[in-house]
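The values are calculated or read from the model by the stated rules, or taken from the named source; none is laboratory data. Predicted, not measured: the structure shown is a model, and the values here were computed from it. Note that each Cβ is placed from the backbone with ideal geometry, even for glycine, and that neighbours are counted across all protein chains shown. Note: accessible area is taken over every heavy atom of the protein model, side chains too, but ligands, DNA and RNA are not part of it. Shrake-Rupley method; radii C 1.70, N 1.55, O 1.52, S 1.80 Å.
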Amino acid sequence: MTYAPVKLTFEQYLEYDDGTDNRYELFDGELVPVPSETDNNDWIAVWLMYKLAQLVNPRLVRCHTCELQVMGNPQNRYPDLVVRREEHLSRPNKRLTITLDMAPPQLVVEVVSPYRSQKDENYKRDYIEKRKQYEERGIPEYWIVDPQARVVIVQLLVNGSYQATEFSGNQRIVSRTFPELELTAAQVLQAR
């Protein structure tokens with residue numbers, strides 16, 4: 001006898017706890033494990049977290065642990081780095097989840113995992129799928145840090161659509177959210 005898997009609503013998913021530290025994305029009501037980060041990607045995100053925490057309340061900056069509810073499938077994402085808003089701190093939550101009824105975070109950063117081509121799943125996930133979901137979610141600034149292409153792409157939400165600017169080498173990254181940020185693309189990509 002076979003059993004059909006139980007389809008979870010997002011509210012049921014938020015209550016789900018399998019007793020592990022595993023992270024899941026909810027895709028069509030089913031739990032899909034989120035793969036672990038490469039050491040280089042993790043380090044870039046952690047390094048950026050420390051740099052941004054010098055500009056804002058450090059409790060607002062989260063690395064790999066803040067979950068975003070988004071529209072479409074999957075229904076949630078775990079960005080590499082999120083800068084939350086003060087109002088997110090006042091919402092008691094069993095998990096670090098920014099739901100659709102909350103204001104979007106100030107900034108989301110994704111560090112692209114290695115890819116073979118633009119048809120590769122890692123490339124499509126960060127450049128196309130997440131970009132679309134974050135744009136629809138109204139996140140004002142989305143960075144794609146691509147160690148392979150050696151670029152940092154800052155996407156600013158303008159009239160509901162992202163407008164991208166690429167930074168490479170010693171170009172200073174221009175952030176509308178954090179204009180006082182003094183980082184170059186090379187510093188982020190080399191993250192030391």
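Details
- Only protein atoms count toward the accessible area here, which uses a 1.4 Å probe; on region 67-192, the carbon and sulfur part of that area reaches 47 percent.
- Taking chymotrypsin sites (Phe, Trp or Tyr not before Pro) in DSSP loop conformation with at most 12 other Cβ atoms inside 10 Å as exposed sites, the chain has its longest uninterrupted site-free stretch at 17-192.
- Shape call, region 47-146: gyration tensor on alpha carbons, a/c limit 1.5: oblate
- Long-range HN-HN contacts of GLU25 with modeled amide H, under 5 Å: VAL32, VAL34
- For region 1-117: relative contact order, % (alpha-carbon pairs under 8 angstrom, 6 or more apart): 22
- Estimated FRET transfer efficiency when R0 is 30 angstrom, pair ARG176-ARG125 (beta carbons, to 0.05): 0.75
- Sparse-neighbourhood loop sites, GluC sites (Glu not before Pro) in region 119-192 - DSSP loop, at most 12 other Cβ within 10 angstrom: GLU180, GLU182
- Taking every DSSP helix (H) stretch of at least 4 residues in the chain, weighting each as -39,500 (n - 2.57) and dividing the sum by the residue count yields a mean residue ellipticity at 222 nm of -5500 deg cm²/dmol.
- Of the trypsin sites (Lys or Arg not before Pro) found in region 1-72, those in coil by DSSP whose Cβ has at most 13 other Cβ atoms within 10 Å are LYS7.
- Proximity of backbone amide H atoms, modeled 1.01 Å from N, is registered between PHE178 and no other residue at under 5 Å, excluding neighbours fewer than 5 places apart on the same chain.
- For the chain, the solvent-accessible area works out to 53 Å² per residue, with a probe of 1.4 Å and every protein chain left in place.
- Beta-bridge orientation, region 36-192: approximately 80 percent antiparallel, per DSSP, counting only bridges with both partners inside.
- Gyration tensor verdict on the chain (Cα atoms; rounded if a/c is under 1.5, prolate if a/b is larger than b/c, oblate otherwise): prolate
- DSSP-loop trypsin sites (Lys or Arg not before Pro) across region 112-190, with at most 10 other Cβ within 10 angstrom: ARG116, LYS119
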